[in-house]
Ligand SMILES: Cc1cc2nc3c(=O)[nH]c(=O)nc-3n(C[C@H](O)[C@H](O)[C@H](O)COP(=O)(O)OP(=O)(O)OC[C@H]3O[C@@H](n4cnc5c(N)ncnc54)[C@H](O)[C@@H]3O)c2cc1C
């Protein structure tokens with residue numbers, strides 16, 4: 001599993017001569033920010049390597065409870081090892097327990113600020129943000145995740161995860177959507193991809209596009225518009241999610257050109273209007289791509305600052321799955337571990353060179 005190349009990050013190496021001071025409050029060899037599958041997988045590997053990782057799980061950071069996005073879903077059916085499925089919360093409890101079992105120090109606080117211009121890197125937690133409150137880490141793993149953009153229509157909160165989703169690959173196959181009419185909101189490549197994917201399960205898929213054209217690539221757009229199970233509703237927006245109190249049953253929609261309003265009978269609504277990677281913490285300190293995802297060197301978890309690694313959805317705009325996040329968390333941990341041991345070996349070499357070598361005269365005198 002390789003991370004998605006978001007373009008080559010230009011690695012910035014901090015001159016070891018400008019080394020910053022270690023925090024008297026807390027210094028760690030490796031700190032992980034984020035508590036989803038990426039953060040906890042990194043923690044499991046690092047703890048088993050006796051590096052005593054510290055993991056900040058956040059206090060509703062970026063709107064998510066500790067455990068991340070999966071704590072907002074019901075059943076997870078595509079994570080290997082759970083043949084009967086598992087709830088998102090139970091799965092993340094297991095990730096957490098496994099991190100702790102090997103000695104990860106889990107702290108329920110949100111990181112408010114980081115300074116990546118000196119090594120060790122400095123960071124501050126929310127509420128302890130005075131300059132002198134800094135803590136330090138030799139390496140950092142950023143695993144802060146992402147969140148799907150939503151429209152927060154009237155009724156959306158009631159039917160979120162009861163007919164409304166932001167992930168066709170995650171939820172498309174669940175029984176409430178099978179052989180039922182479904183709707184996708186969005187006009188880009190991911191909307192086209194999600195709608196085409198949903199044709200495998202739904203009886204029909206309506207794609208609501210606000211404008212009179214798709215932003216998707218020509219080939220994706222053609223595949224979508226020519227699909228017999230797809231109807232694109234141009235110039236159309238949804239205005240309300242309606243149902244029986246338990247499950248979504250229809251959407252109120254509006255033609256933005258004519259003003260005509262009507263109900264569209266659908267049992268599923270999938271948002272495909274983009275994601276927001278949680279990168280505010282490292283903005284302007286790490287290279288990001290045009291959509292704000294942290295750039296990593298292709299095939300690695302290395303960001304544009306040596307010693308800072310990124311894993312999970314915060315650096316992956318293509319797959320955004322629990323299993324790919326866990327895979328990149330593993331990569332980040334192995335790379336952090338390798339860097340730490342290389343630097344320890346270098347320090348050891350320098351110490352050895354510094355040892356006083358007795359002069360020849362002295363040795364000669366000694367011999368006599
Ligand atoms: C409703 C829903 C259903 C899904 N279903 C599936 C599914 O069935 N199968 C599947 O494979 N994938 C599914 N996904 C996608 C999957 O959840 C994500 O791909 C995965 O959780 C990403 O993991 P992550 O480790 O990158 O980060 P996240 O899960 O996003 O977790 C990041 C965590 O970091 C914390 N954090 C953020 N900033 C800070 C900070 N400054 N300090 C401390 N902590 C911080 C956040 O609070 C959060 O808890 C689903 C997603 C959603 C939203």
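When the chain is treated as a GNM with alpha-carbon contacts under 10 Å, the residue of 310, 43, 192 showing the greatest mean-square fluctuation is 192. Taking only the alpha carbons of segment 150-271, we obtain Rg and Dmax values of 13.1, 40 Å in that order.
Taking neighbour counts of Cβ atoms within 10 Å as a proxy for exposure, in what order, fewest first, do 319, 45 appear?
319, 45
Just from its helices, what would the mean residue ellipticity at 222 nm be for the chain, if runs of 4 or more DSSP H residues each count -39500 (n - 2.57) and the sum is divided by every residue, rounded to the nearest 500 deg cm²/dmol?
Theoretical 222 nm ellipticity from helices: -8000 deg cm²/dmol.
Here residue 215 and residue 109 are evaluated by their C-beta separation; at R0 = 45 Å the FRET efficiency comes out at 0.70. If the chain linking residue 263 and residue 24 were pulled fully straight, counting 0.36 nm for each residue of separation and taking away their Cα-Cα distance, it would gain 79.8 nm. Note on 93, 313: ascending count of other Cβ atoms within 10 Å places them as 93, 313, the fewest first. In the elastic network of the chain, a GNM with C-alpha springs shorter than 10 Å, the most mobile of 261, 57, 276 is 261.
Structure remark: mean-square fluctuation, Gaussian network model of the chain, C-alpha springs under 10 Å; the largest value among 80, 277, 66 belongs to 80. Each of residue 118 and residue 10 was given a label point 7 Å from its Cα along the Cα-to-Cβ line. The distance between the two points is 2.5 nm. Residue separation of residue 158 and residue 276 scaled by 0.36 nm, minus their Cα-Cα distance, works out to 40.2 nm of gained length. For the pair residue 283 and residue 78, the difference between a 0.36 nm per residue extended length and the Cα-Cα distance amounts to 70.5 nm.
Across segment 116-155 the C-alpha pair distances fall into 10 Å bins from zero in the proportions 22, 34, 21, 16, 8 percent. Computing Rg and the Kirkwood Rh from the Cα coordinates of the chain gives a ratio, Rg/Rh, of 1.11. Where both bridge residues fall in the chain, DSSP classifies roughly 45% of the beta bridges as antiparallel.
Any read-out appearing in this document is the output of simple, stated calculations on the displayed coordinates, not a laboratory observation. Note that this is a predicted model, so its numbers are computed, not measured. We place every Cβ from the backbone using ideal geometry, glycine too, and count neighbours over all the protein chains shown.
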